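Written below as structure tokens is the structure these notes are about.
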Amino acid sequence: LALLLLLLPDHREEELGRFQGDQKQVTGGGLRLSWSTQVCVCALTLPPSDVLVCPLRPVERFRDLCPEEVADLFCTAQRVGNVVEKHFHGTSLTFSIQDGPEAGQTVKHVHVHVLPRRAGDFSRNDDVYEELQRHDKDDSPDKWRTEEEMAAEAEILKKYFQEN
């Protein structure tokens, strides 16, 4: 799963460099949103966007996070959801965690998908979960966004956080 870190301001401006993902290179660099959480723009995305909120500490399962990390992860997901819904003109949001292989987790690192939603975006509302399960496994180069495309989306979303 290729990701580009979304650059979000906080009290600290701590640089994040490249790091290896479990299946594919996770790329980019930027700023942490909080003490334990980063935000990423996904290379293989569900339209119109799939923004990921991830703990900085690499843990495979949700149960492995400490209570403070869980609280920070969901406070960050809420903040990101507000921005994503506004920017992509959504009317609702889907927050999703695939926790373990039987739940569809393909990347061995906890992450929350934040998906902007609109009426009729899927023929059946729950099709979004089937699509999430499929999209991480698609290796067709024509479906992957370039690093430049991800960086452009990250820059646009970053401005919303700088306004606050």
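Coordinate-derived values only; no laboratory data. All figures in this text were calculated on a predicted structure; none of them were measured in a lab. All Cβ positions, glycine included, derive from the backbone under ideal geometry; neighbour counts span all protein chains shown.
Using only the Cα atoms of region 52-164, build the gyration tensor, take square roots of its eigenvalues as a ≥ b ≥ c, and label the shape rounded, prolate or oblate: rounded if a/c is under 1.5, else prolate if a/b is larger than b/c, else oblate. Don't jump to the answer; show the numbers that get you there.
Working: a/c = 1.33, a/b = 1.06, b/c = 1.25.
The shape class here is rounded.
All other residues with a Cβ under 13 Å from the Cβ of Y160 taken together, and with Lys, Arg as +1 and Asp, Glu as -1, what is their net charge? Working shown, then result.
Working: positive: R79, K86, K158, K159; negative: E85, E153, E155, E163.
Here the count lands on 0.
Using a ≥ b ≥ c from the Cα gyration tensor of region 56-105 (square roots of the eigenvalues), is it rounded, prolate or oblate, where a/c under 1.5 gives rounded and otherwise the larger of a/b and b/c decides, a/b for prolate? Oblate shape, in that a/c is at least 1.5 and b/c is the bigger or equal ratio. Note on region 58-164: with charges restricted to the Cβ of Lys and Arg (+1) and Asp and Glu (-1), its dipole about the Cα centre is near 320 debye. What net charge do the residues around P55 carry, taking every other residue with its C-beta under 10 Å from that of P55, with Lys and Arg at +1 and Asp and Glu at -1? Net charge in that neighbourhood comes out at -2. Taking label positions 7 Å along the Cα-Cβ direction at both W35 and E68, the computed distance is 0.4 nm, reported to one decimal.
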